[in-house]
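Enquirer: Provided herewith is a single structure, encoded as structure tokens, for subsequent inquiry.
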Amino acid sequence: MNAIKLSSLLSGYPSSSARKSCRGLYSRLFCSATDTVVQVCSEEQEVVIALGSNVGDRVHNFDEALQLMKRSGVQITRHACLYETAPAYITDQPHFLNSAVRGVTRHGPHELLRVLKKVEKDLGRTDGVRYGPRPIDLDILFYGKLRINSETLIVPHERIWERPFVMAPLMDLIGTEADSDVVVGWHLLSRLSGGLFQRWEKLGGESLVGKEGMKRVLPVGSRLWDWSQRTSVMGVLNITPDSFSDGGKFQTVDAARSQVQKMISEGADIIDFGAQSTRPKATFLSAEEELDRLIPVLEAVRELPDIEDKLISVDTFHSEVASEAVKNGAHIVNDVSAGTLDSKMHGVVASLKVPYIAMHMRGDPSTMQSSENLQYDDVCKQVASELSARVSDAELSGVPAWRVITDPGVGFSKNMQQNLELITGIGNIRDEIARKSVGLSHCPMLLGPSRKRFLGEICGRESAAERDPATIACITAAVLGGADIVRVHNVIDNADAVKVCDAMKALRSSKGQSR
């Protein structure tokens with residue numbers, strides 16, 4: 001029953017094997033007494049738990065709730081995106097944050113309920129007005145494939161189908177292709193032939209997201225970032241002697257500080273500091289050597305008055321560098337290896353509670369352009385699959401999807417043709433990611449084609465500095481194709497290109513046109 005495609009569900013079970021299996025599930029789920037209280041204590045069960053908060057530090061409340069659930073016997077395996085939503089039922093109260101998690105537990109359903117109530121109490125929730133303000137609210141949406149109806153617990157949650165702020169995170173936790181018979185069971189519990197997807201569409205579906213009542217956000221620093229409002233520009237600052245484009249230009253603290261001021265004045269939203277070159281065949285530095293270059297610059301830049309409203313990213317694959325950089329003011333960890341070059345990275349990022357840019361690369365900078373690492377049957381499909389696997393590992397280490405930014409890795413383990421396919425195939429990458437995780441497909445996506453060698457191959461430009469016009473063309477295609485963040489060396493010209501693209505997208509959106 002594994003990996004039954006939901007196209008079978010959506011089209012009325014045309015596959016005879018899928019139809020037979022689904023009917024069997026339907027019989028077990030609904031043809032028995034639906035008011036039976038089911039207790040399961042011996043086998044591990046997959047569960048979905050909704051989270052809500054509108055009192056205090058809402059993101060911190062979520063982080064603490066996940067830690068307490070983990071300690072209490074709930075292993076979190078997948079996270080939804082984070083949604084800021086207008087209050088329902090009682091509207092005179094602060095906005096909520098909402099999300100959901102998927103996990104496994106050996107607790108029976110009523111024992112799980114007791115565990116969650118204790119977590120709520122430990123985080124300061126008291127008895128109050130129903131639907132009123134609360135520091136944390138935890139609800140069991142699904143428990144295995146079972147339907148439960150008792151005095152204290154109803155599963156699926158009785159009002160799940162009428163609440164967009166519950167349905168949107170729930171949809172994030174599944175894929176457009178079911179990964180188990182448990183997920184198929186969740187679709188059947190919706191009691192619609194199109195499963196959860198039809199339930200979501202009946203509420204309004206994706207058209208509801210981004211409106212005043214509900215928006216996806218990413219917590220960074222002290223803010224909630226709605227990345228859908230406009231494309232963000234990340235300016236590159238290489239504090240290295242050997243980077244392919246600007247190595248040696250900004251090694252001194254004064255030169256780096258001056259370049260940061262320039263990029264901010266030209267429209268950069270994020271400054272990405274790199275103290276180790278990741279160009280092909282670059283020499284590896286130790287974490288200590290990298291920190292010796294990086295920390296003095298971070299300390300100097302933090303004193304700039306204009307940096308206060310900007311985000312600082314550190315480009316590193318060393319977990320020790322990531323940790324020290326965040327202590328010294330960095331907001332984001334940008335890892336070209338998505339954790340493959342340092343096994344501690346995911347755990348460290350989880351503890352830092354900062355956004356994590358997971359980039360696709362095969363091998364390491366010294367081997368990434370080998371003939372073996374350039375072998376793809378379908379580059380968009382395989383990059384999406386491999387990147388999804390890395391993010392899944394990060395989630396198991398405690399990095400929630402609501403802190404993940406994806407990067408398909410233009411120029412890393414790809415040749416000219418493959419880079420072009422990625423830049424023009426952002427929609428295909430997202431669709432492929434969605435097969436396993438709808439939530440991950442909604443995460444912000446970064447593209448960084450700036451001045452890279454493949455542009456020189458196309459345009460006959462040997463010098464990286466001569467590739468800015470070609471970069472602008474790539475950035476234009478990427479933004480119009482759905483990129484949320486672009487990483488560039490030449491900020492001023494690319495920032496203008498982004499503004500024009502965003503204006504085009506706004507016009508297209510106002511006319512109801514899809515990407």
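Enquirer: Have a look at 267, 235, 213, 194 and point out the one that is open to solvent by less than 50 Å² (accessible area, probe 1.4 Å) and in the same structural domain as residue 169 (by the TED database).
Expert: 194
Enquirer: Still on this structure: Could you count how many residues in segment 52-85 are in contact with an Asp or Glu (Cβ under 7 Å, 6 or more places away or on another chain) and in a loop (DSSP other than H, G, I, E, B)?
Expert: Going through segment 52-85 one residue at a time, the tally reaches 2.
Enquirer: Please tell me if residue 365 is farther than 24 Å from residue 276 by Cα and surrounded by 19 or more Cβ atoms within 10 Å (Cβ to Cβ).
Expert: no
Enquirer: Out of segment 189-217, which residues are under 18 Å from residue 145 (Cβ atoms) and touching a Phe, Trp or Tyr at 6+ places or on another chain (Cβ under 6 Å)?
Expert: 199
Enquirer: Right, here's the next one. Being small (Gly, Ala, Ser), in contact with a helix residue (DSSP H, G or I) (Cβ under 9 Å, 6 or more places away or on another chain) and in a loop (DSSP other than H, G, I, E, B) is the requirement here; does residue 88 meet it?
Expert: Against the criterion (small (Gly, Ala, Ser), in contact with a helix residue (DSSP H, G or I) (Cβ under 9 Å, 6 or more places away or on another chain) and in a loop (DSSP other than H, G, I, E, B)), residue 88 qualifies.
Enquirer: Still on this structure: Considering segment 274-303 alone, what residues qualify as being surrounded by fewer than 14 Cβ atoms within 10 Å (Cβ to Cβ), of a type outside the set (D, E, K, R) and either in contact (Cβ under 8 Å) with a residue 40 or more places away in the chain or touching a strand residue (DSSP E or B) at 6+ places or on another chain (Cβ under 7 Å) (or both)?
Expert: Within segment 274-303, 283 is the sole residue that qualifies.
Enquirer: Follow-up. Among the residues of segment 125-145, count how many are modelled with pLDDT under 95 and either in a helix (DSSP H, G or I) or not basic (Lys, Arg) (or both).
Expert: The qualifying residues number 7.
Enquirer: Consider residue 450 against the criteria (1) of a type outside the set (Asp, Glu); (2) within 24 Å of residue 384 (Cα to Cα); (3) part of a helix (DSSP H, G or I): it satisfies all of them except one. Which criterion is unmet?
Expert: (3)
Enquirer: Continuing with this model, one more query. Considering only segment 114-155, how many residues are closer than 22 Å to residue 72 by Cβ and open to solvent by less than 70 Å² (accessible area, probe 1.4 Å)?
Expert: Qualifying residue count, segment 114-155: 24.
Enquirer: While we're here: If we keep just the residues of segment 26-66 that are modelled with pLDDT under 95 and among the aromatic types (Phe, Trp, Tyr), which is surrounded by the most Cβ atoms within 10 Å (Cβ to Cβ)?
Expert: Checked segment 26-66; the qualifying residue surrounded by the most Cβ atoms within 10 Å (Cβ to Cβ) is 26.
Enquirer: So residue 469 clears everything in (1) in a helix (DSSP H, G or I); (2) in contact (Cβ under 8 Å) with a residue 12 or more places away in the chain; (3) open to solvent by 20 Å² or more (accessible area, probe 1.4 Å) except one condition, right? Which one?
Expert: So residue 469 meets the others, but not (2).
The values are calculated or read from the model by the stated rules, or taken from the named source; none is laboratory data. Just so you know, these numbers come straight off a predicted model, no measurement behind them. Reconstructed Cβ throughout: ideal geometry from the backbone, glycine too, with neighbour counts over all protein chains shown. To get the accessible areas, we keep the full protein, side chains included, count just its heavy atoms, and leave off ligands, DNA and RNA. Shrake-Rupley method; radii C 1.70, N 1.55, O 1.52, S 1.80 Å.
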